[in-house]
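Participant: The structure's right below; bear with me while I get my questions together.
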Amino acid sequence: MISVLYTHFEKPFSPNTWNKYLTQLPSNFHDRINRFVRWQDRHANLLDKLLLIEGLKRYGLPREKLNDIKYNRYKRPYFEGGFDFNISHSGEYVICALSDEGTIGIDLERIRDIKINEFKSFFSASQWELLSKDFSLQGFFRLWTKLESVIKWDGSGLYVEMNKVQLMNDRAEVNGKTCFLHKVSIDREYPCYFSTNNFVNNFILKKIEFGEP
């Protein structure tokens, strides 16, 4: 089963609400979250852990499993034992993908103005040609999220350049491995894709509400 949970936030929680949610996490996460300077970053990092807890419950796993998170040599978080998760946040959204069917990678990006030429080196010649032929910000970020989801699935993060990823419709290859791409529709201003070991016909997509009581 694959589950994709997401939430939306626009303003800071009140101190009481913040403390209520923060205390739901193991204490070793508190300092890490409070270390962020911007309130948006603090909230996004709190919310991604709350989404992960919500996801764990759906698989019959306790919130204490957060203490079992490990990190590979590229700093990608994971659980041992075949259960995987991946997290992304951008703008006012936080999203968490969970899978008991193999590795999963997800990326979400808010569409915003960019200087496209500054990103040319990130793409392969064929990817750049495709972008340049009929450029749009939506097309750019759609491609970006596809590539990022593949890299996060691979587990090597920033250590693999995007232009090493080969896209073939709903499939991709990187480091000699093949994965499958899946579109997630939550907001037309936020393209989102996840990548998995196998093609997925159906997955659970659910918005989780957090906020003031």
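Participant: May I ask you to order 122-132, 77-87, 202-212 by the average number of other C-beta atoms within 10 Å around their residues, highest value first?
Facilitator: Values: 122-132: 14.5, 77-87: 16.6, 202-212: 12.6.
Sorting 122-132, 77-87, 202-212 by mean packing, highest first, produces 77-87, 122-132, 202-212.
Participant: Using alpha carbons only, how many degrees (0 to 90, rounded to 10) separate the axis of helix 39-58 from the longest principal axis of the chain?
Facilitator: Once rounded, the angle reads 80 degrees.
Participant: Then there is this: From the phi of every residue in region 170-182, what ³J(HN,Hα) in whole Hz does the Karplus formula 6.51 cos²θ - 1.76 cosθ + 1.60 yield, where θ is phi - 60° and glycine or proline is x?
Facilitator: 9, 10, 8, 10, 7, 6, x, 10, 10, 9, 10, 9, 9
Participant: Report relative contact order for region 2-207 in percent, whole number only (criteria: Cα-Cα under 8 Å, sequence separation at least 6). Mind showing how you got there, number by number?
Facilitator: Values: 333 pairs, mean separation 45.9, N = 206.
Taking the mean separation of contacting Cα pairs over the length of region 2-207, I get 22 percent.
Participant: Using only the C-alpha atoms of region 1-107, find the volume of their convex hull and express it per residue in Å³.
Facilitator: On the way: hull volume 11.5 nm³, N = 107.
Per residue, the Cα convex hull of region 1-107 comes to 107 Å³.
Participant: From the cross-link list 115/164; 75/164; 115/152; 20/152; 20/146; 20/206, which pairs have alpha carbons spaced over 28 Å apart? Before the final figure, lay out each step's value.
Facilitator: Details: 115/164 22 Å; 75/164 20 Å; 115/152 24 Å; 20/152 31 Å; 20/146 35 Å; 20/206 23 Å.
From the list (115/164; 75/164; 115/152; 20/152; 20/146; 20/206), the Cα-Cα distance tops 28 Å for 20/152; 20/146.
Participant: Answer with one residue from 194, 13, 141: the one whose Cα lies farthest towards the positive end of the charge dipole of region 2-207, charges on Cβ with Lys, Arg +1 and Asp, Glu -1.
Facilitator: Toward the positive end, the furthest listed residue is 13.
Participant: Let me have the 222 nm mean residue ellipticity of the chain computed from DSSP H runs of 4+ only, each contributing -39500 (n - 2.57), with the sum over all residues rounded to the nearest 500.
Facilitator: Details: 5 runs with 60 residues, N = 213.
Taking each H run of at least 4 residues, the total per residue is -8500 deg cm²/dmol.
Participant: Further question on the same structure: Please report the antiparallel percentage of the DSSP beta bridges confined to the chain, to the nearest 5. Walk me through the numbers before you get to the answer.
Facilitator: Working: 32 of 36 bridges.
The answer is about 90 percent antiparallel.
Participant: Calculate the FRET efficiency for residue 35 and residue 186 from the Cβ-Cβ distance with a Förster distance of 30 Å, rounded to the nearest 0.05. Intermediate values should be presented prior to the final figure.
Facilitator: Working: r = 28 Å, r/R0 = 0.94.
Efficiency computed from Cβ-Cβ geometry: 0.60.
Participant: Using only the alpha-carbon atoms, what does region 2-207 span along each of its principal axes? Please give whole angstrom values in decreasing order.
Facilitator: For region 2-207, the Cα spread along each principal axis is 51, 37, 31 Å.
Participant: Using modelled backbone amide H atoms (1.01 Å from N, in-plane), which distant-in-sequence or interchain residues come within less than 5 Å of residue 205's amide H?
Facilitator: 4
Participant: Within 10 Å of each residue's Cβ, count the other Cβ atoms and sort 144, 153, 39 from fewest upward. Don't skip to the end; give the middle numbers.
Facilitator: Values: 144 20, 153 28, 39 12.
Neighbour counts put them in this order, fewest first: 39, 144, 153.
Participant: Also, quick follow-up: Give, in nm to one decimal, the length gained when the segment between residue 201 and residue 163 is fully stretched (0.36 nm per residue of separation minus the Cα-Cα distance). Please list the in-between numbers first.
Facilitator: Values: separation 38, 0.36 × 38 = 13.68 nm, distance 2.79 nm.
Residue separation times 0.36 nm, minus the Cα-Cα distance, leaves 10.9 nm.
Participant: A further question follows. If you take the beta carbon distance between residue 17 and residue 113 as r and set R0 to 35 Å, what does 1/(1 + (r/R0)^6) give as a FRET efficiency, to the nearest 0.05?
Facilitator: Working: r = 33 Å, r/R0 = 0.94.
Working from the Cβ atoms, E equals 0.60.
Participant: Using amide H atoms built in the peptide plane, which far-off residues or other-chain residues are under 5 Å from residue 156 H to H?
Facilitator: Long-range HN contacts for residue 156: none found.
Participant: Residue 21: net charge of surrounding residues, Cβ under 14 Å, Lys/Arg +1, Asp/Glu -1, itself excluded?
Facilitator: Numbers: positive: 20, 42, 49, 63; negative: 48, 54, 209, 212.
Charge balance near residue 21 sits at 0.
Participant: Taking the Cα centre of the chain as origin and charging only Cβ (+1 Lys, Arg; -1 Asp, Glu), how large is the dipole, in debye to the nearest 20? Can you show the working numbers first?
Facilitator: Numbers: 30 positive and 27 negative charges, 57 e Å.
Using only the charged Cβ atoms, the result is roughly 280 debye.
Every read-out reported here was derived from the displayed coordinates using simple, explicitly stated rules and does not represent laboratory data. It should be emphasised that the depicted structure is a prediction, and the values quoted were computed from it without experimental measurement. Ideal geometry is used to build each Cβ from the backbone, glycine not excepted, and the neighbour counts take in all protein chains shown.
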